[in-house]
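Below is one structure, written out as structure tokens; comments come after it.
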Amino acid sequence: MTWVGVVIALVGALGYALGAALQQFEAVSEGATLALVRRPRWWIGGVIGFAGASLHAVALSVAPLVVVQPVSVATLVFAVPLAATLHGRRPRRAEIAGSIAVAVGLLGLMLLVPAHNVTPVLSDAHALELIGCVALVVAVVFTVARRLKGPAKALLMAVGAGAVTATVSTFVRVVGGGLQGDLGHLLHWFTLAIPVLLVCAVVLLQKSYAVGYFGIAYAGVQVVDPITSVTAGAVLLGESLPTEMSKAIPALLAAGLLIAGTITLGRLTPDHSKPVAAPAEPDRVGDPVVASEAA
């Protein structure tokens, strides 16, 4: 069932990438405001992204968190070209190189994680601690981001959004993986927490997209989400992590690729879908040149 979950997660991740590219285009145009709800393309992106997230939830119900989460990062190499196409340009070489580096680096790190499917169990106390920690992270990064501009601002906002999406994935894994054929397990506050957290994640994602640096924003979410999820899976759900020293060097190389790709994406110029206003025509009344021509 693990490979079935991986295939489902890959299809869902591709849908999520397309939805994210569509919503980013509109967020750059309108800003992360309520005006987005009047944009049909933003809703189309939301529907496609929701379908991808639903498939991701199905994958989490049949495969371990530490296996499913890393799959989504592979779509970074598709999401960035999609966003570039929507903005009417070809993908930059640096975008493609940075996206591949981030994807390969993170996949390399995640492949070092052993896959052992265990029934996820999360206590109420640990669940509240997780939500509290993530809320603190979001508060800190968004407070700092308000004072920044450019890729640093987009990256910090993406860190907060990625932490919340990881929390959603963790709760989905606990609810879906713990059903064991008994739908009565859905009658728990974890089930109600999922849509609330999901709405928060969507809002934070739109704010990070609106800055205009889709590559760094999407990469930031794709890095923070699986790393946070894997950590939660290992610390809270009892899913195993590698401890062999022989995996240290590959892990360092993968981390180096990840960091280099993130820096490359962060140095790119932003996308702007709004046309730049042309300079106003000077007031011709009283213009000495016009007066002399009239004379």
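Read the figures in this text as sums done on the coordinates, not as results from a lab. Predicted model, so just to flag it, every value in this text is computed and none were measured. Virtual Cβ from ideal backbone geometry, glycine too; neighbours counted across all protein chains shown.
Structure data summary
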| read-out | value |
| --- | --- |
| Total formal charge among the other residues, if their Cβ is under 15 angstrom from that of His56, Lys/Arg +1 and Asp/Glu -1 | 0 |
| Net charge contributed by nearby residues that have their C-beta within less than 15 Å of Ala17 (K/R +1, D/E -1) | -2 |
| Relative packing of 196-202, 213-219, which averages over residues the other C-beta atoms within 10 Å, highest first | 213-219, 196-202 |
| Inter-site label distance for Ser123 and Arg90 at 7 Å from Cα along Cβ, in nm | 5.9 |
| Peptides ranked, highest mean first, by Cβ atoms within 10 Å: ranges 45-52, 34-41, 75-82 | 75-82, 45-52, 34-41 |
